[in-house]
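The block underneath contains the structure these notes are about, expressed in structure tokens.
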Amino acid sequence: MERVKFSPVGKSLFLISWLLGTIILLAFWISESWFFVWLGFYYVVIAVVINMIIFCSELLTFLTDVSDKKSHGNSALLILLNIPIAAFYFFIFINI
């Protein structure tokens, strides 16, 4: 069975976004400080912009480049995975 390939940019962006969001949520959960609520809010706003830019870049590369299509398409889907993760974290935040 072949391993799923991702572009380095898409994979790194997903991991960084997921890790930072998780750290902010855990820091809020431990301290219950409103500082982390505001930090998380600004983080989400900035992350949405950056994720959308990279997503559009990966999608455009996937649609136009015929040599390494699969990795860019997989990375675009991986970046989209941040949406349900963020929704799940928001659900956790509301129920704390």
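The residues of the range 79-96 that are among the polar types (S, T, N, Q) and closer than 16 Å to ILE23 by Cα amount to a single one, ASN82. For the range 21-59, enumerate the residues that are of a type outside the set (Val, Ile, Thr) and closer than 16 Å to LEU78 by Cβ. The answer is GLY21, ALA47, ASN51, MET52, PHE55, CYS56, SER57, GLU58, LEU59.
Restricting to the range 38-72, what's the tally of residues that are β-branched (Val, Ile, Thr) and in contact with a His (Cβ under 6 Å, 6 or more places away or on another chain)?
First, the residues of the range 38-72 that are β-branched (Val, Ile, Thr): 44-46, 48-50, 53-54, 61, 64, 66.
Narrowing the set further to residues that are in contact with a His (Cβ under 6 Å, 6 or more places away or on another chain) leaves 61.
Counting residues in the range 38-72 that are β-branched (Val, Ile, Thr) and in contact with a His (Cβ under 6 Å, 6 or more places away or on another chain) gives 1.
Could you tell me whether LEU59 is over 18 Å from SER12 (Cα atoms) and without any contact (Cβ under 8 Å) to a residue 24 or more places away in the chain? The answer is no for LEU59. Listed by first and then second residue, the pairs linking a residue in the range 21-33 that is at positive phi to a residue that is not basic (Lys, Arg), with Cβ atoms under 8 Å apart and 6 or more places separating them unless they lie on different chains, are GLU32/ILE96.
Values quoted throughout were computed directly from the atomic coordinates according to the rules given, and no laboratory measurement underlies them. No experiment lies behind these values; they were computed from the predicted model shown. Note that each Cβ is placed from the backbone with ideal geometry, even for glycine, and that neighbours are counted across all protein chains shown.
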